[in-house]
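Colleague: I have a structure I would like to understand better, so I am pasting it below and will then ask my questions one at a time.
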Amino acid sequence: MLLEVRTLTKTFGGIVALDGVSFDLQAGTVLGVIGPNGSGKTTLLNTLNGVHAPDHGTVRLDGQPAAGLPPHRLAALGVMRTFQNTRVFRTLTVLQNMLVPLLHRPVDPGAARARALDLLAAVRLDRYADLPASQLSGGQQRLLEFARALMTAPRLVLMDEPFAGVHPEVTQVMTSRIDALRREGVAFIVVSHEIPMLMALSQRIVCLHQGRIIADGTPESVRNDRAVIEAYLGHATRT
C-alpha cells in the first residue's frame, strides 16, 4: 500500500478540522476528496504534506512513518503538492520555475532542462519557456505549478482545487495528464468542488463533513449516498 492514513486528527483551538480520518491509497489511483466548505479538505492535504503536524493518528508511506515530516522531507520521499491559490515565482521564467524543485538535488543540468521542457510540452507551455511566469494566464500558471510538481518524478501528488476558475481547455490538458500518469503508477489526491469532473477522473471518492469521512467508495456509490447528498451534493450543484 502506498499511503495508509489512520485516525488522523487535527484541531485549531476549539475547532476540530480533522476528526479520526482513515483511508488507504494504492499506487496508480486518483482519490477525489469532496465536501462542503470547512469540512477539512485543505487541512487534510496540509497534514499529509507536512504543513501541519497531526495532533493524533498515523500516516505511513510505503509502510514507513511519515506523519509530521516537513514538506521537503516528504518531497524527497515522493510526495508533491499544488495549492488552491497558485504558487509560482512570477519574476522567474517558466523554465526557471520548473528547475526550482531540483535546486538542492544532485542532478545533471542538461538532463534537468530536458525533463523540464518535456513536461512543459506535455501541458502545452513549452513555447513560453523563456517568458516570465507573470505573463502566463491564471490557468497557465496552474499548469505550470502542476508541471513543476512533476519534476521530481513523485509517487503521490496532492492537488487542491486545480480546476477552479480555469478555461475548459486548461482543465482538459490537466485531467488528461493526470490520467496518463495514473496509468504509469502515480497516485493523486485531488480536492475539488467540480463534482462531475472529479467523479469522471477518480477511481475512488471520499466525502468529508465536519472533519469526518461520511462516505468512501466508487464515484457511483458516493454519488448516490444519502448522507453525501444531504451534506454536500445537493448544495454543490448550485455553486
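Colleague: Please specify each residue of region 102-119 satisfying the condition of being farther than 23 Å from LEU77 by Cα and either under 24 Å from the mean Cα position of the chain (by Cα) or at pLDDT below 95 (or both).
Modeller: Residue satisfying the conditions is LEU117 alone.
Colleague: So which residues in region 118-139 are part of a loop (DSSP other than H, G, I, E, B) and more than 16 Å from VAL166 (Cα to Cα), if there are any at all?
Modeller: The answer is ALA129, ASP130, LEU131.
Colleague: Next question, about the same structure. Pick out the one residue from ARG87, ARG148, ARG142, ARG155 that is touching a strand residue (DSSP E or B) at 6+ places or on another chain (Cβ under 7 Å) and within 25 Å of THR47 (Cβ to Cβ).
Modeller: Matching residue, one of ARG87, ARG148, ARG142, ARG155: ARG155.
Colleague: Just name the residue that is nearest to VAL157 (Cα to Cα) out of those in region 79-93 that are over 14 Å from the mean Cα position of the chain (by Cα) and loosely packed, with under 14 Cβ neighbours inside 10 Å.
Modeller: ARG90
Colleague: Give the residues of region 44-65 that are touching a residue at least 60 places away in the same chain (Cβ under 8 Å) and either closer than 21 Å to ILE195 by Cα or of a type in the set (A, V, I, L, M) (or both), sorted by residue number.
Modeller: LEU44, LEU45, LEU48, LEU61
Colleague: Let me ask you something else. hydroxyl-bearing (Ser, Thr, Tyr) and under 26 Å from ALA129 (Cα atoms): does that describe THR171?
Modeller: Against the criterion (hydroxyl-bearing (Ser, Thr, Tyr) and under 26 Å from ALA129 (Cα atoms)), THR171 qualifies.
Colleague: Taking LEU8 as the residue in question, decide whether it is in a strand (DSSP E or B), buried (at least 18 other Cβ atoms within 10 Å of the Cβ) and touching a Lys or Arg at 6+ places or on another chain (Cβ under 7 Å).
Modeller: Considered against the rule, which asks whether it is in a strand (DSSP E or B), buried (at least 18 other Cβ atoms within 10 Å of the Cβ) and touching a Lys or Arg at 6+ places or on another chain (Cβ under 7 Å), LEU8 comes out as no.
Colleague: Restricting to region 1-37, name every residue that is out of contact with any Phe, Trp or Tyr (no Cβ under 9 Å at 6 or more places or on another chain), within 24 Å of LEU201 (Cβ to Cβ) and of a type in the set (D, E, K, R).
Modeller: ASP24
Conditions (1) out of contact with any Phe, Trp or Tyr (no Cβ under 6 Å at 6 or more places or on another chain); (2) of a type in the set (Phe, Trp, Tyr); (3) more than 25 Å from VAL228 (Cβ to Cβ); (4) in contact (Cβ under 8 Å) with a residue 40 or more places away in the chain, marked per residue:
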| site | (1), (2), (3), (4) |
| --- | --- |
| ARG142 | yes, no, yes, yes |
| ALA147 | yes, no, yes, yes |
| LEU156 | yes, no, no, yes |
| THR175 | yes, no, no, no |
| ARG182 | yes, no, no, yes |
| VAL186 | yes, no, yes, yes |
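Colleague: Can you find a residue in region 76-95 that is touching a helix residue (DSSP H, G or I) at 6+ places or on another chain (Cβ under 6 Å), closer than 24 Å to THR29 by Cα, among the charged types (D, E, K, R) and touching a residue at least 40 places away in the same chain (Cβ under 8 Å)?
Modeller: Scanning region 76-95, I find no residue that is touching a helix residue (DSSP H, G or I) at 6+ places or on another chain (Cβ under 6 Å), closer than 24 Å to THR29 by Cα, among the charged types (D, E, K, R) and touching a residue at least 40 places away in the same chain (Cβ under 8 Å), so the answer is no.
Colleague: Kindly evaluate ALA76 against the criterion of being surrounded by fewer than 21 Cβ atoms within 10 Å (Cβ to Cβ), within 15 Å of the chain's Cα centre (by Cα) and not β-branched (Val, Ile, Thr).
Modeller: The answer is no for ALA76.
Colleague: Across region 153-209, what is the total count of residues that are of a type in the set (A, V, I, L, M) and touching an Asp or Glu at 6+ places or on another chain (Cβ under 9 Å)?
Modeller: Of the residues in that region, 7 qualify.
The values are calculated or read from the model by the stated rules, or taken from the named source; none is laboratory data. Small disclaimer: the values here were computed from a predicted structure and weren't measured. We place every Cβ from the backbone using ideal geometry, glycine too, and count neighbours over all the protein chains shown.
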